[in-house]
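Colleague: Pasting a structure here, questions to come.
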Amino acid sequence: MQISKKKGLQRLMPIFLYILSVAAILNVLMPAVAFAAPLNTLEITGKGVTNPATFTPEQLEGMEQHQEVYSSINTWPTKRWYVGKGVKLWDLLLEAGIKEDEAKLVTFVSADGYTLTLTMEELFHDKRYRFPYFKNGRDSDGHLPGSPEGAVEVEPIIALISVEGSDNPKYMNDTDAFLLMLGQRAVTEQTGNLFVKYLSKIEISTAEPEQWDAPQANPAGGAVPEGAMVTLSNLHSDDDKIHYTTDGSDPTLNSPMYNLIASRWWSTRFNVLGTINSPIGPINENTTIKAVTIGPGKRNSEVVTFNYYVGGIGSGDEVGISDGDQEPVKHSKVIKLTIGRPETSVNGKSYILDAVPYIDIDAGRTLVPVRFISEAMGAEVNWDPKTRQAIITDENKQIVLTIDSRDVLINGEKQTIDCAATIHSNRTYVPLRFVSEALEAQVEYNEETKGITITK
């Protein structure tokens, strides 16, 4: 019996030796992967400094410390308090020999790869504040403007300890260190996305800042029917915020903000998008809207002006409108949509779609929600769940489309189209050009703006 056990152990010995050798090899080859140390230094570099420097936590702790409370709004938007303690950003840049006359841009790089660029103008020349009364209701009511009363000027710091969601310093810790913290320039400014966690590098550039694209309006001005609504948009509609006025004055950061919910959240917040990012109007009298794009890391856009004349022809003496540019209101249906965007208009009246137009890449066709596009052109839509058919009726014409089938019926006659109706985001989508032309409408597509105009 003892001999049998001994032989069994002898057979297992090579296996044990193999496992030990593999473990030893992996330990030699991959110690950095298994036991990688977190980044714990802060580097300041770039053409905008004369003395690039790297700071350890001990060096930063040895510098003069400042504790600040910050009011902040994120792009959801939600309102949050922050409190942090650390070194003034400007003091660090002085240590690195900031070229005050040449430095233009500051890029903050996180250890997790996130980057943020701000201009020297917005960081240091524009005053930033803590607004004690920036909240108006619940934290989640970030779209409701607070009061600028009692504003306290605060400076940007690199926090070694901090806490989000409280103004009580006893909760501060080093979880997010190093953390860029800064105040608001206006009580509605969204700065939550500017608080960079795990900061590892600050790069100072002497390159000139680019300029944000100017806002666009839909409708773009001219004669409009009474009660028209106006939507505004720009390239991203994210942290590039649109500010506007309706009293003829030039908009600033303190003017009303149009795109309070950033586009990154539109699919999540579709149920309130149209009420928070609400169109301007109704336009019941001649109105001038001025708009500007303001956002981080670039110069403000040009201020653009849109003039609206209710019920016919305008006076012709408003900025940007001449007699030759104005046309009386027509009774035809004009529908405007944009690929990938929820804003749309019918004869100048704005709406927010709960399902946006998109392009079927395989077919190369634009698809739109069947109910909106049909009813906008005056047709009726019915849905047969048994046959999975959308039935569009317009006066003496009936169009029947079957989900996932390229065969359609027009007044009972079969046709084959190159792109089938489909279910997308729990909505029935149909090919725009086929349905529009079947309803005797004309379709124009602007490839540059991805805008679609349907006229019937």
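The values are calculated or read from the model by the stated rules, or taken from the named source; none is laboratory data. In this text the structure is predicted, and so the values were computed from the model without any measurement. All Cβ positions, even for glycine, are placed from backbone atoms using ideal geometry, and neighbour counts span all protein chains on display.
Colleague: Quick check on my filter: what residues within region 261-315 are in a helix (DSSP H, G or I) and β-branched (Val, Ile, Thr)?
Modeller: Matches in region 261-315: Val272, Thr275, Ile276.
Colleague: Right, something else. Determine which member of the set Lys349, Lys333 is closer than 16 Å to Ser436 by Cβ, at pLDDT below 85 and surrounded by 14 or more Cβ atoms within 10 Å (Cβ to Cβ). Lay out the reasoning, then the answer.
Modeller: Details: Lys349 fails: closer than 16 Å to Ser436 by Cβ.
Of Lys349, Lys333, the one residue that is closer than 16 Å to Ser436 by Cβ, at pLDDT below 85 and surrounded by 14 or more Cβ atoms within 10 Å (Cβ to Cβ) is Lys333.
Colleague: Could you please let me know if Ile423 is more than 22 Å from Arg341 (Cβ to Cβ), of a type in the set (Val, Ile, Thr) and touching a Phe, Trp or Tyr at 6+ places or on another chain (Cβ under 8 Å)?
Modeller: Taking the combined requirement at face value, the residue does not satisfy it.
Colleague: A follow-up question, please. Can Lys414 be described as among the basic types (Lys, Arg), outside the structural domain of Ile276 (by TED's automatic domain parsing) and free of Cβ contacts under 8 Å to residues at least 40 places away in the same chain?
Modeller: In short, yes.
Colleague: Report every pair of residues separated by at least 6 positions or lying on different chains whose Cβ atoms are under 6 Å apart, first residue within region 256-273 and of a type in the set (D, E, K, R), second assigned to a loop (DSSP other than H, G, I, E, B).
Modeller: Listed by first residue and then by second, the contacts come to Arg264/Asp238; Arg269/Ile261.
Colleague: Just to be sure I understand, how many residues within region 152-183 are under 30 Å from Asn51 (Cα atoms) and buried (at least 18 other Cβ atoms within 10 Å of the Cβ)? Walk me through how you get there before you give the answer.
Modeller: Step one: filter region 152-183 for residues under 30 Å from Asn51 (Cα atoms), giving 153-162, 174-183.
Still in the list and also buried (at least 18 other Cβ atoms within 10 Å of the Cβ): 154, 156-162, 176-183.
Matching residues across region 152-183 total 16.
Colleague: Is there a residue being farther than 29 Å from Val272 by Cα, of a type in the set (D, E, K, R) and within 30 Å of the chain's Cα centre (by Cα) anywhere in region 46-61?
Modeller: no
Colleague: While we're on this one: Criterion first (closer than 17 Å to Asn40 by Cα, touching a residue at least 24 places away in the same chain (Cβ under 8 Å) and in contact with a Gly (Cβ under 7 Å, 6 or more places away or on another chain)) does Ala159 satisfy it? So that I can check it myself, show each step before the final result.
Modeller: On the way: closer than 17 Å to Asn40 by Cα: yes; touching a residue at least 24 places away in the same chain (Cβ under 8 Å): yes; in contact with a Gly (Cβ under 7 Å, 6 or more places away or on another chain): yes.
Against the criterion (closer than 17 Å to Asn40 by Cα, touching a residue at least 24 places away in the same chain (Cβ under 8 Å) and in contact with a Gly (Cβ under 7 Å, 6 or more places away or on another chain)), Ala159 qualifies.
Colleague: Further question on the same structure: Would you point out which residue out of Val435, Val356 is outside the structural domain of Leu235 (by TED's automatic domain parsing), without any contact (Cβ under 8 Å) to a residue 24 or more places away in the chain and either surrounded by 18 or more Cβ atoms within 10 Å (Cβ to Cβ) or touching a helix residue (DSSP H, G or I) at 6+ places or on another chain (Cβ under 9 Å) (or both)?
Modeller: Step by step, each of Val435, Val356 is checked, and only Val356 is outside the structural domain of Leu235 (by TED's automatic domain parsing), without any contact (Cβ under 8 Å) to a residue 24 or more places away in the chain and either surrounded by 18 or more Cβ atoms within 10 Å (Cβ to Cβ) or touching a helix residue (DSSP H, G or I) at 6+ places or on another chain (Cβ under 9 Å) (or both).
Colleague: Working only within region 235-258, note down all residues that are surrounded by 22 or more Cβ atoms within 10 Å (Cβ to Cβ) and at pLDDT below 95.
Modeller: Answer for region 235-258, where residues must be surrounded by 22 or more Cβ atoms within 10 Å (Cβ to Cβ) and at pLDDT below 95: just Ser237.
Colleague: Could you tell me which of the residues Ile454, Ile403, Ile399, Ile410 is in contact with a strand residue (DSSP E or B) (Cβ under 7 Å, 6 or more places away or on another chain), more than 29 Å from Ser233 (Cα to Cα) and surrounded by 18 or more Cβ atoms within 10 Å (Cβ to Cβ)?
Modeller: Ile399
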